[in-house]
1. Using +1 on the beta carbon of Lys and Arg, -1 on that of Asp and Glu, and nothing else charged, what's the dipole of region 1-56 about the Cα centre, debye to 20?
2. Excluding ligands and nucleic acids, what accessible area in Å² is computed for S4 using a 1.4 Å probe, to the nearest 10?
3. Would you list the membrane-span-like helices of the chain, meaning whole DSSP H runs whose alpha-carbon atoms span at least 15 Å along their axis and whose mean Kyte-Doolittle value is at least -1.0?
4. When N is the residue count of the chain, what does its C-alpha Rg come to as a fraction of 2.2 N^0.38 Å?
5. Using the Cα centre as the reference, give the magnitude of the dipole from point charges on the C-beta atoms of the chain (Lys, Arg: +1; Asp, Glu: -1; all else neutral), rounded to the nearest 20 debye.
6. May I ask you to give the percent of accessible area on the chain that is carbon plus sulfur, with a probe radius of 1.4 Å?
Amino acid sequence: GWLSNLRHPEIKTPSKRDAATKREDQNKIFRTSLVLAWMSTNTVLAMVISSEWFQDVTTKLDSTGSHNPYLSFIFWSVAGLSAFRFFGSTWYWIRFVGFGCCR
């Protein structure tokens, strides 16, 4: 019965994980860390932009109120990433599609 199970517990042997399971676990940890880092940086960005210090600094820089630094940051970030993507895609096309002999 249950009393004999308490006196002589079953000894569990540690199981070894195979390489595919270890790699899958590493990928899951990486994705989780990446999402947490992204959420943290977005939180910090939101806190900085909504702070009174940021409002004071931007008001001193532009007294007309027509300049939104957050939208400027978003615009230049998207423009830079798009340019990087364009040049990378062009390089890939020239290297692997345009010159099929260079594979």
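The values are calculated or read from the model by the stated rules, or taken from the named source; none is laboratory data. No experiment lies behind these values; they were computed from the predicted model shown. So basically every Cβ, Gly included, is an ideal-geometry build from the backbone, and we count neighbours across all protein chains shown. We work out accessible area using only protein heavy atoms, side chains counted, and drop any ligands, DNA or RNA first. Shrake-Rupley method; radii C 1.70, N 1.55, O 1.52, S 1.80 Å.
1. 600 debye
2. Probe radius 1.4 Å; accessible area of S4 about 50 Å².
3. Within the chain the helices that satisfy the rule are 19-49, 69-92.
4. Compared with the compact-globule rule of thumb, the chain sits at 2.14.
5. That gives the chain a dipole magnitude of about 780 debye.
6. C and S fraction of accessible area: 66 percent.
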